[in-house]
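Structure, as structure tokens:
Values quoted throughout were computed directly from the atomic coordinates according to the rules given, and no laboratory measurement underlies them. Model, not experiment: these values are computed from the prediction. Cβ atoms come from the backbone with ideal geometry, glycine included; neighbour counts cover every protein chain shown.
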Amino acid sequence: MTDLYDLHARLVARLDTTEAIRAAFADHPRHRYVPDLIWPDANGLPLRRTADPERWVSCVYAFAPVTTQANDGGSGPVNTPSSSSSHPQVMADMIRAARVGPGDRVLEIGTGTGWNAAILSSLVGPTGSVTSVEIDPDVAAHARGRLDATGVRVVHDAETPEGGYDALIATCAVSRVPEEWIESVPVGAPIVVPWAPSSEHESTPVAALRVRDDGSACGAFVRDAVFMHDRTQRVSESPFPGIGAEPEYQRCLPATSDALIDDRLLTRLMLMLPGVRPGVGARPFEGDIGRIVHLGTADASWAYVWPDGTVTGGGERDLFGELAAAYDALTEAGRPPLEAFSLEVDPKNGVRRVRAPDLGVWEHR
């Protein structure tokens with residue numbers, strides 16, 4: 001019989017983090033929080049624990065995210081993940097970036113399974129508090145049941161206590177950091193949030209922002225990640241770029257699609273290309289199926305980077321030229337890591353600005 005607590009101990013041992021965070025994870029075995037119904041393949045069929053207990057356990061204790069809801073709890077022709085138990089290492093990195101410690105009052109946006117909130121409760125201890133906001137009533141009800149003994153409050157809307165929260169951690173991605181989030185923490189306090197220019201972007205790197213006295217917030221990106229987007233900021237998904245369009249040009253990039261993907265350059269290029277949605281797809285290529293990098297814009301301009309470095313595309317914007325310029329600049333600067341990029345947001349003035357030393361400043365409108 002599988003020893004769930006042994007599996008959890010092995011998961012905790014794999015974390016690259018502080019001893020305090022590792023101990024907090026150890027307090028809360030993951031299987032106590034993940035619901036019985038999960039989606040092993042995020043876009044595939046669900047799995048109920050009673051139907052295949054061993055497979056359920058193997059999914060829960062994989063060092064990976066677990067999809068725990070699809071289609072906002074409804075049904076559809078394709079299962080689109082809408083809630084999950086995040087990757088353990090991503091959770092640990094975000095908690096570390098928030099510098100959560102004993103006595104802190106923490107606001108979490110996106111309760112999900114409740115596992116992250118439970119870990120936070122161990123870190124803040126009896127003199128601190130964790131308030132977690134969950135928009136989905138079914139997800140919230142499940143989490144409340146699992147968090148009963150932790151003291152975590154799961155709410156639909158959070159009131160800001162006097163003096164504000166000491167830290168805010170969002171477990172959903174946003175394109176616009178809400179003004180009320182910034183107002184809920186004092187100057188200098190951290191807001192750790194996955195961010196992307198729009199909900200159509202696949203990559204959602206995590207930024208560790210600090211609130212400034214003018215009501216803005218800024219800080220460096222701390223890691224790459226892929227989070228589900230805040231439901232209140234979703235936009236209708238655009239069609240896959242270039243479908244049915246004849247290429248208007250064919251050029252060559254000094255990098256293949258596989259290199260852009262495997263060298264983890266797409267997130268940095270996304271930050272350097274305002275108004276462009278990069279993504280990864282598959283297309284027939286030389287008698288097989290090849291990975292491509294696709295780029296799209298709101299005005300239907302498009303480009304594909306193919307496995308041999310060929311770029312085809314069309315539309316009003318010269319996406320090849322923009323991509324090539326960004327790639328060359330990144331390469332000439334020695335390919336600085338994601339952590340060299342920072343995000344500045346000012347909700348009152350609509351500012352969403354990305355900076356990277358020796359590379360540039362990009363305004364995301």
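Brief remarks follow.
- The chain: radius of gyration over Cα atoms, expressed as a fraction of 2.2 N^0.38 Å: 1.03
- Across segment 4-171, the mean sequence separation of Cα contacts (distance under 8 Å, 6 or more residues apart), normalised by length, yields a relative contact order of 20 percent.
- Antiparallel DSSP beta bridges within the chain, percent to nearest 5: 75 percent
- When Ser86, Ser175, Ser132 are arranged by Cβ crowding within 10 Å, least crowded first, meaning fewest neighbours, the order is Ser175, Ser86, Ser132.
- Less than 5 angstrom separates the built amide H of Ala189 from those of Val211, all sequence-distant by 5 or more or on a different chain.
- Screening the chain for whole DSSP H helices with an alpha carbon extent of at least 18 angstrom along the helix axis and a mean Kyte-Doolittle hydropathy of at least -1.0 yields 319-332.
- Highest mean first, the peptides 206-219, 272-285 sorted by other C-beta atoms within 10 Å per residue fall in the order 206-219, 272-285.
- A compact globular protein would have a Cα radius of gyration near 2.2 N^0.38 Å; the ratio found for segment 249-332 is 0.99.
- Kirkwood Rh in Å, taken over all unlike Cα pairs in segment 4-171: 16.2 Å
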